[in-house]
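Note sheet for the following structure.
The values are calculated or read from the model by the stated rules, or taken from the named source; none is laboratory data. What you see is a predicted model, and the numbers here were worked out from it, not measured in a lab. Backbone-built Cβ (ideal geometry, glycine too); neighbour counts: all protein chains shown. The accessibility values were calculated without ligands, DNA or RNA, using every heavy atom of the protein model including side chains. Shrake-Rupley method; radii C 1.70, N 1.55, O 1.52, S 1.80 Å.
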Amino acid sequence: MNTRLRIAVQSKGRLNEDTLRLLTEAGIKVEAGRRALLVEARKFPLEVLFLRDDDIPQTVADGVADAGIVGMNELTEQGARAEVAHRLGFGGCRLSIAVPKEADYTDVSWLENKKIATSYPNILQRFLESQGVHAHIHVITGSVEIATGIGLADAIFDIVSSGSTLVSNNLREVEVVMQSEAVLIAQPELSAEKREILDELIFRFKALQGAAGKKYVLMNVPKEALDSVLHELSGIKSPTVMPLAQEGWCSVHTVLEEDSFWEKVGRLKEAGAQGILVLPIEKMVL
Ligand code: PRT
Ligand code: ZN
């Protein structure tokens, strides 16, 4: 039987959709719809095990799955013996301490002997110890943000993304303890064959991440404006310059960060570029 890498992913929840999209874009088809616990991928030696995110780190540490995709926060909290093989760049969030808006919080010493509600007691405990603060940790699962409002705790420690949940619960973020994102984790002692499959997976993920936020830009430039256009593009790795059929004109091709595109495009026009075309980049293998 051919070796397959078994990867544990979240069955439903915030990471599920992005995880399956990443696999699809990496050319790995997983039958959606038929959400059995274990599904064999098509076109790639992978089988996908659908689990609750809480169960993923331990399943990988135990070797029941060879790899997994889970939030760094979950892996750190559990301290499971799994290696972080690759950061995936989605599922970004932070773990923060928040207090009621009107609290007279100035620094961590405010937390001394206070009650803090959280689903992440280990990460919180380590943070408090590092700050030399003693507080009472009250573990609750779910709806942590209401704990202060109902008098269950003086502060909370929870996941924050946009911050709007804190605002609507009259809370103020006072300490950012950790940044998190989805990561590909792996069992540290994989066989050589499985390690090879994992490496191929990482190679494909990198190609997708390399293209993220980048655009392929083409423009026509009269020869006399070429120097100023290239000056605007300085710092960008080798723009390609090609002659056009029309005498005195050339075509410049380059890759631009989408973030800086609008700012750059105005300057390129001013420098003399015309007919600027912007194309999406699907994958980029470096
Ligand atoms: O059912 P299962 O156990 O698998 O899922 P779950 O309910 O335990 O987790 P889920 O799906 O909510 O989150 C999975 C992972 O997504 C987390 O472990 C994080 O790594 C990541 N993630 C990213 C988030 C958020 N962003 C996020 N905003 N997880 C939770 N939230 C919640 C947060 O708890 C809070 O209630 O969203 C609220 C805050 O959001 P803002 O935008 O209002 O700040
Ligand atoms: Zn969970």
**OP:** Ignoring everything but the protein chains, give the 1.4 Å probe accessible area of F127 in square angstrom, nearest 10.
**Re:** 30 Å²
Original post:
Size of the dipole of segment 13-100 about the Cα centre, Lys and Arg at +1 and Asp and Glu at -1 on the beta carbon, nothing else charged, in debye to 20?
Top reply: 300 debye
Subject >> Compactness of segment 93-180, expressed as Rg and Dmax over alpha-carbon positions, Å >> reply: 11.5, 31
Original post:
Using modelled amide H (1.01 Å from N, peptide plane; none on Pro or chain starts), what sits under 5 Å from the amide H of L5, excluding residues fewer than 5 places away?
Top reply: L46, E47
Original post:
To the nearest whole percent, what portion of all C-alpha pairs in segment 87-136 is separated by more than 18 angstrom?
Top reply: 37 percent
Subject >> Listed residues L230, L49, L208, most fluctuating in the chain (Gaussian network, C-alpha, under 10 Å) >> reply: L230
**OP:** Based on alpha-carbon positions alone, could you give the equivalent ellipsoid semi-axes of segment 9-125 from the gyration tensor, as √(5λ), descending, whole Å?
**Re:** 35, 15, 12
Original post:
When the Kirkwood radius is taken over all Cα pairs of segment 213-280, what Stokes-Einstein diffusion coefficient follows at 20 °C and 1.002 mPa s, in µm²/s?
Top reply: 181 µm²/s
**OP:** For the chain, build the convex hull from the C-alpha positions and give me its volume per residue in Å³.
**Re:** 196 Å³
**OP:** Report the label-to-label distance for T165 and M242 in nanometres (one decimal), using points 7 Å from each Cα along the Cα→Cβ vector.
**Re:** 5.0 nm
Subject >> Charge dipole (debye, nearest 20) of segment 174-273; +1 at Cβ of Lys and Arg, -1 at Cβ of Asp and Glu >> reply: 260 debye
Original post:
Residues with beta-carbon under 15 Å from that of P100, excluding P100: net charge, scoring Lys, Arg +1 and Asp, Glu -1?
Top reply: -3
**OP:** Taking the Cα centre of the chain as origin, work out the dipole magnitude from +1 charges on Lys and Arg Cβ and -1 charges on Asp and Glu Cβ, in debye rounded to 20.
**Re:** 780 debye
Subject >> At R0 = 35 Å, FRET efficiency that the Cβ-Cβ distance of L286 and E129 yields, to 0.05 >> reply: 0.25
Original post:
Mind checking the angle between helix 121-131 and the chain's longest principal axis? C-alpha axes, 0 to 90 degrees, to the nearest 10.
Top reply: 90 degrees
Subject >> Per residue, in Å², the accessible surface of the chain once ligands and nucleic acids are set aside, probe 1.4 Å >> reply: 54 Å²
Subject >> Binned Cα-Cα distances of segment 3-72, short to long, each 5 Å bin given as a whole percent >> reply: 4, 18, 31, 29, 15, 4
Original post:
Does anyone have the angle between helix 258-271 and the longest principal axis of the chain? Alpha-carbon axes, 0 to 90°, nearest 10?
Top reply: 30 degrees
Subject >> Principal-axis tilt of helix 192-211 within the chain, Cα atoms, nearest 10 degrees >> reply: 60 degrees
Original post:
Pairs of lysine in segment 94-217 with Cα under 21 Å and at least 8 positions apart or on different chains: total?
Top reply: 5
Original post:
At a Förster radius of 22 Å, what calculated FRET efficiency corresponds to the Cβ-Cβ distance of L279 and S234, to the nearest 0.05?
Top reply: 0.50
Subject >> Sulfur and carbon atoms: percent of accessible area, the chain [1.4 Å] >> reply: 50 percent
Original post:
How much mean residue ellipticity at 222 nm does the chain get from its helices, if each DSSP H run of length 4 or more adds -39500 (n - 2.57) and you divide by all residues, to the nearest 500 deg cm²/dmol?
Top reply: -8000 deg cm²/dmol
